[in-house]
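Heads up, the thing below is written out as structure tokens.
Where a number appears in this text, it was derived from the coordinates with a stated rule and is not lab data. Note that the coordinates shown come from a computational prediction; the quantities given were computed from them, not determined experimentally. Don't worry about glycine lacking a Cβ; one is built from the backbone with ideal geometry, like all the others, and counts go over all protein chains shown.
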Amino acid sequence: MRIPARCAQAVEAGWFTTIVFVTILVNAVAIGAETYTGFAAANGELLAWINHVCLGIFTVELVVRLTAHAPRFGGFFRSGWNVFDFVIVTASFLPFVGESTTILRLIRLGRIVRVVSLFPDLRVLLIAIGRSVPPIASMGLLGVLVVYVYAVIGWILFGAELPDRYGDVGTAMLNLFVMLTLENLPENLSEGMAVHPWSWIYFVSFALTASFLLLNVLIGIVINSMEEAREIEHKRLREERRAMIAHAGEDDEIDAAEQRAMIAEKLESLRDALDSLEEEIESSSPPGVGRDSVGR
């Protein structure tokens with residue numbers, strides 16, 4: 001088995017992920033310790049040594065993962081997370097980075113974010129958040145429209161009697177936005193009932209429409225985005241594993257071809273040795289005894 005195949009097996013192994021995860025945690029603790037001025041001043045050399053060790057482990061990890069895709073490194077850079085890991089690790093070796101404390105700290109902080117690339121569930125969550133932004137924005141626009149309509153109605157109904165809550169459209173919208181949490185609904189309802197006995201219809205309809213309906217739509221959007229993100233991540237993992245397995249299979253085929261060539265070479269050497277042995281036997285045999293006689 002060639003080196004890329006061995007590296008591919010290492011990347012898929014649980015111990016490999018565990019080592020990288022522990023290194024990220026140690027790196028995070030070291031960064032947090034540097035925020036304590038007294039501790040950082042007393043243990044500066046230790047923290048610097050930890051930083052160098054973590055960087056070394058991250059570098060070895062990156063080299064192993066790159067080697068697993070050799071010689072076709074394009075498969076490695078198809079993943080955005082792999083590109084992020086590559087940039088974070090290689091940027092630490094740039095000359096101007098070491099001269100800037102702020103950039104160096106940001107890069108070290110970026111190493112902590114790399115924990116997302118280790119666990120598929122975290123990647124699924126981030127993908128789901130990204131895919132849910134457009135529908136949530138549409139839902140937010142609908143929510144603003146509903147709140148605006150109810151704010152105008154509230155200004156018409158309670159503007160004169162309750163100016164602190166419905167004195168203008170802006171104040172009414174702010175009050176209704178707070179009411180979306182249903183926290184001050186009983187207080188608003190009692191004040192509105194004191195103005196108009198039938199105003200409960202206004203508050204109950206708003207609670208049903210804005211709070212419960214929009215909340216259920218939001219939950220549905222998040223659940224649907226999670227399912228789509230999980231399918232995308234599973235598909236990406238399947239393609240990556242398929243590519244690594246196919247690459248390992250090519251290496252095995254190359255090894256098998258080399259083994260067959262070596263066996264054929266050995267057989268040829270054996271044939272030559274047999275021919276030489278037969279010639280020696282013929283030369284040492286009495287006159288009249290040929291190869292056929294020796295064979296019998």
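Dipole check for the chain: with +1 at the C-beta of Lys and Arg, -1 at the C-beta of Asp and Glu, and the Cα centre as origin, the magnitude is about 700 Debye. Rounded to the nearest 20, the Cβ-based charge dipole of region 122-247 about its Cα centre (Lys and Arg +1, Asp and Glu -1) stands at 860 debye. Comparing mean-square fluctuations of A207, A70, A229 from a GNM of the chain with C-alpha springs under 10 Å, the top value falls on A207. A Gaussian network model of the chain, with springs between Cα atoms under 10 Å, assigns the largest mean-square fluctuation among N27, N175, N224 to N175. Using C-alpha pairs under 8 Å with a sequence gap of at least 6, the mean separation divided by the residue count of region 93-241 gives a relative contact order of 29 percent. Each residue of region 192-206 is assigned a 3J(HN,Hα), and the resulting list reads x, 5, 5, 7, 9, x, 8, 5, 4, 4, 4, 6, 5, 5, 5 Hz, derived from the Karplus form 6.51 cos²θ - 1.76 cosθ + 1.60 (θ = phi - 60°), x at Gly and Pro. In this Cβ point-charge picture (+1 for Lys and Arg, -1 for Asp and Glu), region 3-118 has a dipole of about 340 debye about its Cα centre.
Here the 3J(HN,Hα) profile of region 11-26, calculated from phi with Karplus coefficients 6.51, -1.76 and 1.60 at θ = phi - 60°, is 5, 7, 6, x, 5, 5, 5, 4, 4, 5, 5, 4, 4, 5, 5, 4 Hz, Gly and Pro shown as x.
Please compute the net charge surrounding A28, taking Lys and Arg as +1 and Asp and Glu as -1 over other residues with Cβ under 15 Å from its Cβ. Once positives and negatives cancel, what remains is +3.
Entry note, region 1-92: relative contact order of 37 percent, from Cα contacts under 8 Å with a spacing of 6+ residues.
The long axis of helix 80-91 is offset from the longest Cα principal axis of the chain by roughly 80 degrees. Projected label points at T59 and L208, each 7 Å from Cα along the beta carbon direction, are separated by 6.7 nanometres.
When the charge dipole of region 3-118 is built from unit charges on Cβ atoms (+1 for Lys and Arg, -1 for Asp and Glu) and taken about the Cα centre, the candidate among S79, L118, A10 whose Cα reaches farthest toward its positive end is S79.
Computed over the chain, relative contact order equals 19 percent, with contacts defined as Cα pairs under 8 Å that lie 6+ residues apart. Helix 214-284 and the long axis of the chain differ in direction by around 0°, with both axes built from C-alpha atoms. Using a Gaussian network for the chain with springs between C-alpha atoms less than 10 Å apart, which of these wobbles most: V83, V204, V124? Of the options given, V204 has the highest mean-square fluctuation. Helices in the chain, meaning DSSP H runs of at least 4 residues, each add -39500 (n - 2.57). Divided by all residues, the mean residue ellipticity at 222 nm is -27500 deg cm²/dmol.
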